[in-house]
Amino acid sequence: MSWIPVKHLPIAQDLSGLSRYLHSKGLVHRITDEGDRQTLWVAHPEIAPAVAVLAERWLAGDLMQVGEDSTLQARPTPAVRLGPGPREVPWTMGLIAFSILGALVLMTPWANVLVPLLTFQDFSLTHTGPVFVPVAEGIGSGEVWRLFTPAFLHFGVFHIVFNSLWLWELGRRVEVALGWRQYLLMVLVTGVAANVTQYFWSGPSLFGGMSGVVYALVGYIWMRQRQAPHPALAIPPGIIGFMLVFLVIALTGIIDQFMQGSVANGAHVGGLMAGMAWGIFGSRRERF
């Protein structure tokens, strides 16, 4: 059994009442004495966010002890949710919204004008295909937004739905764990890393999508949970495994046979590596 740390509490705090309440709800846990503090642990990662909320409510006095041999009874409060809602993760919602707008841009009559403004390299369409402006004349001349904006471009319904669902599932957890400032910085840095990697991977080409950032979130959660676990980041291990298997399959080129264009493997690899690095080095100073 792998125990997940949920919260650190003062050493002098009597946690027996909280423990009885958690037992009454069937929430498997343990409390350890670590010298200068106590740590509350749970046995199953999926209940960690809910137990963290219950611990906060208990510390705030929202759970009242009614007797030594009885359990705690809670004052009427809203049901405990197992994850943050849309209002609590504005930047994740913003990334999803701008990604949807980026997908819609390709469907407008102004796509030929707007899309070249968002791509890594400006380009013009000819009868032989797109002709790209050299990076030195675009990004090198001050168009630095191009380092990130390809992340907002999405080509097709599956592309935008896939990335939006993973942004919601993973991004909201990281936004809660890091706070919006660190989260935004991480998204910008890893998004740029993913796009730059894709450029060097494939050369001048038309690419886009938020999947580089999604893989950065995968890499961050993977490494962060190994270094300094956070309850908000407690996801089933199978999710990490699925995303890594998908990455390996995409690298073989098999998926490209069933779609127009090709998978931006460079962005996936670059994002994953950047996210892993953020998780390894960032976890040394991040604590919950």
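Since every read-out is calculated from the coordinates, none of them should be taken as a lab result. Since the structure is predicted, the reported quantities are computational estimates derived from the model, not experimental observations. Cβ coordinates were reconstructed from backbone atoms using ideal geometry, including for glycine residues, and neighbour counts include every protein chain displayed.
Site pair residue 97 and residue 36 shows an inter-label distance of 4.3 nm when each label is modelled 7 Å from Cα along Cα→Cβ. Each peptide in 200-211, 238-249, 50-61 receives the mean, over its residues, of other Cβ atoms within 10 Å, and ordering these scores from highest gives 200-211, 50-61, 238-249.
Computed over the range 96-193, the alpha-carbon pair-distance distribution with 10 angstrom bins reads 14, 39, 33, 12, 2, each value a whole percent. Of the three principal axes defined by the Cα atoms of the chain, the extents in descending order read 82, 37, 34 Å. Near residue 12, once Lys and Arg are set to +1 and Asp and Glu to -1 for all other residues with Cβ below 15 Å from its Cβ, the sum equals -3.
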